[in-house]
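A quick write-up on the structure given underneath.
The values are calculated or read from the model by the stated rules, or taken from the named source; none is laboratory data. Everything numeric in this text was worked out from a predicted model, so none of it was measured. A quick note on method: Cβ atoms are made from the backbone with ideal geometry, for glycine too, and the neighbour counts reach across all protein chains shown. Ligands, DNA and RNA are stripped out before the accessible areas are found, and what is left, the full protein with its side chains, is counted by its heavy atoms. Shrake-Rupley method; radii C 1.70, N 1.55, O 1.52, S 1.80 Å.
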Amino acid sequence: MVIHIDPNLIVLGPLVLSWHGLFSAVGLGAGIWIALRLLRGGPVPEDEVMTIAFWGTIGALIGARLLHVIDQWEYYRQQPLQILLINEGGIAIFGAIIGGVLGGWVYARLRRLPVGLLADAAGVGLILGQAIGRIGDVINGEHHGRHLPEGTPWAVVYTHPNTLGEPGVPNHLAVGYEQVWDLLVFGVLLGLWGRLPRQGMLFWLYLLLYSAGRF
């Protein structure tokens, strides 16, 4: 499969809208939507769910950037001002998960809302959002896998000059594999919604299955 798509969807002077940014936003919206649908008619009002989503999003942005900076500290130690330039890229998905969960958890505890129920809905929303967000990674050429021999039917080759992949080199579509796994996990979690004996178990199952897939 040949991908010849510019990672930058729209460029207006210093403002850049990338495919990664677009599908990250779409994934976020889809995750919040599915969580709202699952919690509709339950003990948590919709406005409270949206407020939790807001603080979860803030926490996710902070956590994603912070973990990336820690991971690339040798670079940022020499360029400290670059830490604030999140618009230029540089986030970590595990940091987003940790920060987002902490942001939502703190608000839910302060408001004395059912944390386990909210976490279960968040887990279903998170894995759906991650699957959608990976579309941007597929287009960009990020996180590509090992090289494959020429002519391998499932190989991906990036050809655009701005690609973040290795131009002209057939490789495994690692993020595509993860995307398929994420959608399978989403189906499992959705099917188990409301069927497990205790609230919160679905969220921990999300973490377990996602981590197993990444491994």
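For the range 146-204, what are the residues that are exposed (fewer than 13 other Cβ atoms within 10 Å of the Cβ), of a type in the set (Phe, Trp, Tyr) and over 22 Å from Arg214 (Cα atoms)?
none
Starting from the range 63-92, keep only residues that are in a helix (DSSP H, G or I), then list their pairs with residues that are among the polar types (S, T, N, Q) whose Cβ atoms are within a distance under 9 Å, requiring at least 6 positions of separation or different chains.
Once the first residue is in a helix (DSSP H, G or I) and sits in the range 63-92, its partners that are among the polar types (S, T, N, Q) give Val69/Gln82; Tyr75/Gln82; Tyr76/Gln82; Glu88/Gln82.
Report, by residue number, each residue of the range 1-23 that is open to solvent by 60 Å² or more (accessible area, probe 1.4 Å), assigned to a loop (DSSP other than H, G, I, E, B) and touching a residue at least 60 places away in the same chain (Cβ under 8 Å).
Hits for the range 1-23 are Met1, His4, Ile5.
Only one of Leu208, Leu117 is part of a helix (DSSP H, G or I), open to solvent by 20 Å² or more (accessible area, probe 1.4 Å) and touching a residue at least 60 places away in the same chain (Cβ under 8 Å). Can you tell me which?
Leu117
A quick yes/no check of all residues on (1) out of contact with any strand residue (DSSP E or B) (no Cβ under 6 Å at 6 or more places or on another chain); (2) of a type in the set (Gly, Ala, Ser); (3) closer than 22 Å to Ile127 by Cβ; (4) surrounded by fewer than 21 Cβ atoms within 10 Å (Cβ to Cβ):
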position: Leu28; (1), (2), (3), (4): yes, no, yes, no
position: Asp47; (1), (2), (3), (4): yes, no, no, yes
position: Trp55; (1), (2), (3), (4): yes, no, yes, yes
position: Arg65; (1), (2), (3), (4): yes, no, yes, yes
position: Gln72; (1), (2), (3), (4): yes, no, no, yes
position: Gln82; (1), (2), (3), (4): yes, no, no, yes
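So, Asp137, is that one farther than 16 Å from Ile32 by Cα, open to solvent by less than 40 Å² (accessible area, probe 1.4 Å) and touching a helix residue (DSSP H, G or I) at 6+ places or on another chain (Cβ under 7 Å) or not?
Answer is yes for this residue.
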